[in-house]
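Undergrad: Would you mind keeping the following structure in view while I ask a few things?
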């Protein structure tokens, strides 16, 4: 079977296969990250325990300026990525109306003649991920704002019966905001891999595979994960690689 054989449309069988791999990889790594095996949690899952511990310590911290500064930093990060995605969406929409430049680049790399509609489809796929990231970053920014308001409602007296429930409520909102932020980052990663399609279906397949490997490694096999695993508040995860390298228990 010739994968480059044209189908009834601008895309070949190889294009559809690479495009399917792109969306499967994006959905798969997102699912595994949020719902990993219990004996091998991801960084995202591990950080949930640290976020809850943050809110427990927040109750007794006086003054609470330190917590406010951390939350401000988190909101600035989401605002930065949201602004970058908004600019990227505008640039992509402008590029759809002028694909002649991309066609000229393709001719320079001897990629042959590519129909204008195919270029537009490739750009739309990139815009799908960028726009998805924008929506997630905006929602994350808003949730961090909700978290700040709930944190402000926590009584100053640690013995107050309302303190711990409100703090845990803030922790849940904080975790949800972080989930949206992480999802937005994954969309940015796979938007970059979708740019590989400009070099053809093989470029898309290789770029997607590389981004998938990077995303998996950072969540399940990175040095930062081993550092986080050394102690997880309220959890009993154990990591054999840490025990062997550091001689310590998490």
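Undergrad: Going by what's in this entry, would residue 164 be described as surrounded by fewer than 19 Cβ atoms within 10 Å (Cβ to Cβ) and either touching a strand residue (DSSP E or B) at 6+ places or on another chain (Cβ under 7 Å) or at pLDDT 95 or above (or both)?
TA: no
Undergrad: Residue 49 fails exactly one of the following numbered conditions: (1) touching a helix residue (DSSP H, G or I) at 6+ places or on another chain (Cβ under 7 Å); (2) closer than 14 Å to residue 178 by Cα. What is the number of that condition?
TA: Here residue 49 meets the rest and fails (1).
Undergrad: Do the conditions hold for residue 80, that is, is it within 28 Å of the chain's Cα centre (by Cα), in a helix (DSSP H, G or I), within 17 Å of residue 144 (Cα to Cα) and at pLDDT 95 or above?
TA: So residue 80 fits the description; yes.
Undergrad: Across segment 199-215, which residue is nearest to residue 45 (Cα to Cα) among those that are crowded, with 17+ Cβ neighbours inside 10 Å and in contact with a helix residue (DSSP H, G or I) (Cβ under 6 Å, 6 or more places away or on another chain)?
TA: Keep residues of segment 199-215 that are crowded, with 17+ Cβ neighbours inside 10 Å, which gives 200-201, 204-205, 207-208, 211-212, 215.
Those still in the list that are in contact with a helix residue (DSSP H, G or I) (Cβ under 6 Å, 6 or more places away or on another chain) too: 201, 204-205, 207-208, 211-212, 215.
Numbers: 201: 34, 204: 29, 205: 28, 207: 26, 208: 24, 211: 20, 212: 18, 215: 14 Å.
It comes out as 215.
Undergrad: Looking at the structure I just gave you, is residue 195 surrounded by fewer than 21 Cβ atoms within 10 Å (Cβ to Cβ), under 15 Å from the mean Cα position of the chain (by Cα) and within 24 Å of residue 135 (Cα to Cα)?
TA: For residue 195, the condition - surrounded by fewer than 21 Cβ atoms within 10 Å (Cβ to Cβ), under 15 Å from the mean Cα position of the chain (by Cα) and within 24 Å of residue 135 (Cα to Cα) - is not met.
Undergrad: Name the single residue that is farthest from residue 148 (Cα to Cα) among those in segment 83-101 being touching a residue at least 40 places away in the same chain (Cβ under 8 Å) and surrounded by fewer than 18 Cβ atoms within 10 Å (Cβ to Cβ).
TA: Selected residue: 89.
Undergrad: Please go through (1) without any contact (Cβ under 8 Å) to a residue 12 or more places away in the chain; (2) over 18 Å from the mean Cα position of the chain (by Cα); (3) in a helix (DSSP H, G or I) for residue 71 and return the number of the only condition it doesn't satisfy.
TA: (1)
Undergrad: A further question on this structure: Could you list all residues from segment 29-51 that are under 24 Å from residue 193 (Cβ atoms) and surrounded by fewer than 15 Cβ atoms within 10 Å (Cβ to Cβ)?
TA: Result: 31, 34, 35.
Undergrad: How about segment 147-169: which of its residues are without any contact (Cβ under 8 Å) to a residue 24 or more places away in the chain and in contact with a helix residue (DSSP H, G or I) (Cβ under 8 Å, 6 or more places away or on another chain)?
TA: Keep residues of segment 147-169 that are without any contact (Cβ under 8 Å) to a residue 24 or more places away in the chain, which gives 149-150, 152-153, 155, 157, 159-162, 165-166, 169.
Those that are without any contact (Cβ under 8 Å) to a residue 24 or more places away in the chain and in contact with a helix residue (DSSP H, G or I) (Cβ under 8 Å, 6 or more places away or on another chain): 150, 153, 155, 157, 166, 169.
Undergrad: Being under 29 Å from the mean Cα position of the chain (by Cα), closer than 30 Å to residue 201 by Cβ and surrounded by fewer than 15 Cβ atoms within 10 Å (Cβ to Cβ) narrows it down to one residue among 124, 188; which is it?
TA: On the way: 188 fails: surrounded by fewer than 15 Cβ atoms within 10 Å (Cβ to Cβ).
124 is the lone residue from the list that is under 29 Å from the mean Cα position of the chain (by Cα), closer than 30 Å to residue 201 by Cβ and surrounded by fewer than 15 Cβ atoms within 10 Å (Cβ to Cβ).
Undergrad: On the phi < 0 side of the Ramachandran plot and at pLDDT 95 or above: which single residue out of 66, 23 fits that description? Don't jump to the end; show me each part of the working.
TA: Numbers: 66 fails: at pLDDT 95 or above.
After ruling out the rest, the residue left standing is 23.
Undergrad: May I pose another question? Give the number of residues within segment 188-224 that are touching a residue at least 60 places away in the same chain (Cβ under 8 Å) and either under 23 Å from residue 82 (Cβ atoms) or in a helix (DSSP H, G or I) (or both).
TA: 23
The values are calculated or read from the model by the stated rules, or taken from the named source; none is laboratory data. Keep in mind that what you see is a predicted model, and the values were worked out from it rather than measured. Reconstructed Cβ throughout: ideal geometry from the backbone, glycine too, with neighbour counts over all protein chains shown.
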